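Step one of this worksheet: look at the structure below.
The values are calculated or read from the model by the stated rules, or taken from the named source; none is laboratory data. Since the model is a prediction, treat every value here as computed from it, not as a measurement. Heads up, the Cβs are rebuilt from the backbone with ideal geometry, glycines too, and the neighbour counts pull from every protein chain shown. Only protein heavy atoms, including side chains, enter the accessible area calculation; ligands, DNA and RNA are left aside. Shrake-Rupley method; radii C 1.70, N 1.55, O 1.52, S 1.80 Å.
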Amino acid sequence: DIKWVGCHTNNFQAGRENKKPELIVLHWIVGTLESCDKTFQDGRRKASAHYGVGKEIHQYVKEQDTAYHATNYDINLQSIGIEHEGGPNLPISEETYKNSILLVADICKRYGIPADRKHIIKHNEVSKP
């Protein structure tokens, strides 16, 4: 089950300028899912992701819209961003791994994205414009 949380309208762009998702960009929250909820609901942040994954899956931005997650506008237009609960002082739970695998597999299937390292990338692999 995916829980709709949404984010502030300043933190995403409606539509994708006729692009479709071709990549999935994986991120770490370095905190809890609840802290991610609060961050994306703050209109001063200019940041979001499509999903946040922990023991639950939260959705912040509709897939047909552009989340501001990759620090590269062109990558944002053609990717789905997924945040993950965890960090140096917050061990990553088995539920987080399991939910992430299921979500990524579902997105890949729906959009025809190859499930490989060329198309499922870490945020630090995104080159800045």
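Restricted to the range 18-53, and to residues that are in contact with a His (Cβ under 6 Å, 6 or more places away or on another chain), free of Cβ contacts under 8 Å to residues at least 40 places away in the same chain and of a type outside the set (S, T, N, Q), which residue is nearest to residue 73 (Cα to Cα)?
Among residues in the range 18-53 that are in contact with a His (Cβ under 6 Å, 6 or more places away or on another chain), free of Cβ contacts under 8 Å to residues at least 40 places away in the same chain and of a type outside the set (S, T, N, Q), the one nearest to residue 73 (Cα to Cα) is 49.
Among the residues of the range 89-98, is any touching a residue at least 40 places away in the same chain (Cβ under 8 Å), on the phi > 0 side of the Ramachandran plot and open to solvent by less than 90 Å² (accessible area, probe 1.4 Å)?
no
Do we have residue 80 as hydrophobic (A, V, I, L, M, F, W, C), open to solvent by less than 20 Å² (accessible area, probe 1.4 Å) and touching a His at 6+ places or on another chain (Cβ under 9 Å) here?
Yes, satisfied.
Return the pairs, sorted by first residue and then second, in which the second residue is modelled with pLDDT of 95 or more and among the small types (Gly, Ala, Ser), the first residue lies in the range 112-129 and is surrounded by 12 or more Cβ atoms within 10 Å (Cβ to Cβ), the beta carbons are less than 7 Å apart, and the residues are 6+ apart or on different chains.
115/105; 123/70; 126/70
Is the range 7-17 home to any residue that is among the acidic types (Asp, Glu), on the phi < 0 side of the Ramachandran plot and either outside any strand (DSSP E or B) or touching a residue at least 60 places away in the same chain (Cβ under 8 Å) (or both)? Steps first, answer last, please.
Within the range 7-17, the first condition is being among the acidic types (Asp, Glu), and the residues that meet it are 17.
Within this subset, residues satisfying the condition of being on the phi < 0 side of the Ramachandran plot are none.
No, that holds for no residue.
Listed here are the residues, each with its yes/no results for (1) of a type in the set (Phe, Trp, Tyr); (2) within 18 Å of residue 8 (Cβ to Cβ); (3) over 13 Å from the mean Cα position of the chain (by Cα).
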| position | (1), (2), (3) |
| --- | --- |
| 44 | no, yes, yes |
| 53 | no, no, no |
| 73 | yes, no, yes |
| 76 | no, yes, no |
| 84 | no, no, no |
| 87 | no, no, yes |
| 91 | no, no, yes |
| 95 | no, no, yes |
| 103 | no, no, no |
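What are the residues in the range 11-58 that are of a type in the set (A, V, I, L, M), more than 21 Å from residue 101 (Cα to Cα) and surrounded by 15 or more Cβ atoms within 10 Å (Cβ to Cβ), if any?
47
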